[in-house]
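One structure is given here, and the rest of the page talks about it.
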Amino acid sequence: MKLIIFTASCLLCTLPLMAEDTAPTSIDYAMYFQSSIKDAEYCSMKLVSGQLQAVNKYNGKLISNPAMTCPDMFSWKLFAEVITDKFWSHWADEQQNWPAEPYPLCQTGQKPSAGVQCCLPGDKNNSTEHCPVFPGERFKSQLTTLAKAKPENAEAHARSSALKRHTRLPFHSQLNPLTKVSTEAMLKAAQSGSAEVVSCSAVPVNGRTENMIPAIYKAFNPADVESVGRVIRQTNAELTVRNQTFHDYLFRNNLYNANGALDVFFASQANMLQDAPYRKANRSAQAGQAPQLVKIDLPTDAVMIKSNWLYQGLAAQLGMNADASAYASKYLATQIDLNALGLSAESGASCNLEGIHYLVAFHISSKDIPNWVWTTFEHIALPGRCDVTGCNDAYGYSSADQRPANTAANYVVPNQHSDKLNQSSIVFNPDAGYPTESIRQEWQQLLSAMNIGTGSSNNPYEPAATNKAWLNYRLKGSQVEFVNAIGQPTFLGNSVTEAGFMDGSSCISCHSRAGVAALGAKPGEKLNPSNSFKHFLALSVFETSLSDFGYFHSHSGTPNPAWYYRDNNSSPQMEVMQADFIWGFLNAQPLVTSSSAK
């Protein structure tokens, strides 16, 4: 494995590039099909009353569907909007969307109180442990205090029980959400003196306390690892958050718990069996009316983000310890499996690296089109950020590749070199780093007008939109369809989030397999923790095909109808109901009763 040591000056460095007269390689020919220009030539944006609008730069008319016509430009529009909205702290994380022990929705006339265990959208008395919580609304004053706090006071605010985020290790082959770090549990354990959840700087070992951080630094990055991205993937704090439109839809429509999600499955099943060929109208909760859902269908302005945050000390060990101001950063916790690293013989032994974390990569998914817009961004310090598929951006930044004359500046080709064998081949050259793309004038002007990346921040615990670090993130690519116009599967992945299976990664195809399945359950059955997860794991992210390194591949291309319906016209049966591309339903838990609630 090759590592590049990044310094503050090297963030803007360039690497030797292919000469113009060099003939295309076999990789270049293959990448031709990845480098298609996604945006129409007339795609442009302007700022109107603080809002970005897509317009035809030739005639000034509004573009009616920029998500499809200008997906790269639209990706940057999302980028600016989510930063302005402070997604990292103001949006709801997975535990705030799907509480671990959810109370039922309040019935007519009910309100949450000490004697009434129910949840009412918008009520300030909702339990923060048992009901959905949107922090930008519930903890607005605390967030304002954190944003304005002086450096010496900011950490204490960031560590408060209200603002400390729920992160987890990334989903693996079984998509087990129980591996996530529960900061509520960490807080309770710390208050009670329990040794179950500990800081990596103070791990109990044979009756004494040891600082395990130096040992973790030595063990977490094996010399023969597949890629730096894979190392980061396995040792980062993954934070998945959803905006208020998304959060409110879950809450108001009783989809924040497993019972409510299964109710929609059974309603859809009954619709097909009893009413075919006619479909029931799908009605979400509106103006005090109860929902009548036969499918899960988020509003068009729903947005979800999966972000990857790397502990500052781990970043330094990987040679990514450039000036900390080069990153958006936040106080988080990374879960470390001491047993997996060979640092403990005890199965399940773990500790938490708490402190400043750098934002290194993030996915944005937006419901602006029925199958969602998928887009992903990476920090310029990631050495493998354009590996395997290249980077494709027709709007925000221009490629620094040395290209033939009259070719577009949208594409960064993956690094390649000779394998130097007796019958040599040109192969990928992973983790070699990439020259920094230059910002295009229109996007630079718009960012300045929106006051994004225009200044600096001295608060490493709470990023600001004005932080210049936002100028160090690049669009890896966008995706709005399963296949292109000639039937080729489209691909999109991130060198961190999809590290190990980038060669077949497709965000839209993977998320199409997110579903709700009853698996023998009957309408009205009483769910319990022992059977709840099986209802959301009928389809996995991964298939049985393997990469050269032995990691499972995820699905690409179009979905298979047989995943969802049994192919029997005389006896149709819905096997899995698509969950509107939302894997987060895996976190949905059964409702608790008054006697079982803590």
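The values are calculated or read from the model by the stated rules, or taken from the named source; none is laboratory data. Fair warning: this is a prediction, and the values are worked out from it, not measured in the lab. Cβ placement follows ideal geometry from the backbone for every residue including glycine, while neighbour counts extend to all protein chains displayed. These area figures cover heavy atoms from the full protein model, side chains too; ligands, DNA and RNA do not enter into them. Shrake-Rupley method; radii C 1.70, N 1.55, O 1.52, S 1.80 Å.
Some values worked out for this structure:
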quantity	calculated
Qualifying residue in the range 65-83 (condition: part of a loop (DSSP other than H, G, I, E, B) and open to solvent by less than 40 Å² (accessible area, probe 1.4 Å))	yes
Within the range 540-587, tally of residues that are open to solvent by 40 Å² or more (accessible area, probe 1.4 Å) and farther than 30 Å from S227 by Cα	15
Some residue of the range 373-391 being part of a loop (DSSP other than H, G, I, E, B), touching a residue at least 60 places away in the same chain (Cβ under 8 Å), surrounded by 22 or more Cβ atoms within 10 Å (Cβ to Cβ) and among the aromatic types (F, W, Y)	no
Test: T144 is at pLDDT below 95, among the β-branched types (V, I, T) and surrounded by 14 or more Cβ atoms within 10 Å (Cβ to Cβ)	no
Among (1) surrounded by fewer than 22 Cβ atoms within 10 Å (Cβ to Cβ); (2) touching a Ser or Thr at 6+ places or on another chain (Cβ under 8 Å); (3) assigned to a helix (DSSP H, G or I), the one test that A316 misses	(2)
Listing of strands (runs of 3 or more DSSP E) fully contained in the range 200-271 that carry 3 or more residues being open to solvent by less than 10 Å² (accessible area, probe 1.4 Å) and within 17 Å of V496 (Cβ to Cβ)	237-242
Selection from the range 32-46 of residues that are open to solvent by 60 Å² or more (accessible area, probe 1.4 Å) and within 18 Å of I452 (Cα to Cα)	K46
Residue selected from the range 570-598 under the condition of a type in the set (S, T, N, Q), out of contact with any Ser or Thr (no Cβ under 7 Å at 6 or more places or on another chain) and more than 17 Å from S268 (Cα to Cα), by the criterion modelled with the highest pLDDT	N587
The range 570-583 residues that are of a type in the set (D, E), paired with ones that are part of a loop (DSSP other than H, G, I, E, B) and surrounded by fewer than 20 Cβ atoms within 10 Å (Cβ to Cβ) (beta carbon under 8 Å, 6 or more apart)	E575/A538; E575/Y564; D580/K295; D580/D297
Residues of the range 479-528 that turn out to be touching a strand residue (DSSP E or B) at 6+ places or on another chain (Cβ under 8 Å) and part of a helix (DSSP H, G or I), as a count	8
Extreme residue, nearest to K86 (Cα to Cα), among residues of the range 99-135 that are among the hydroxyl-bearing types (S, T, Y) and in a loop (DSSP other than H, G, I, E, B)	T128
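Results for (1) of a type in the set (A, V, I, L, M); (2) more than 17 Å from T497 (Cβ to Cβ), shown as yes or no for each residue.
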| position | (1), (2) |
| --- | --- |
| L314 | yes, no |
| G319 | no, yes |
| S325 | no, yes |
| A328 | yes, no |
| A340 | yes, yes |
| L343 | yes, yes |
| H357 | no, no |
| D368 | no, yes |
| V373 | yes, no |
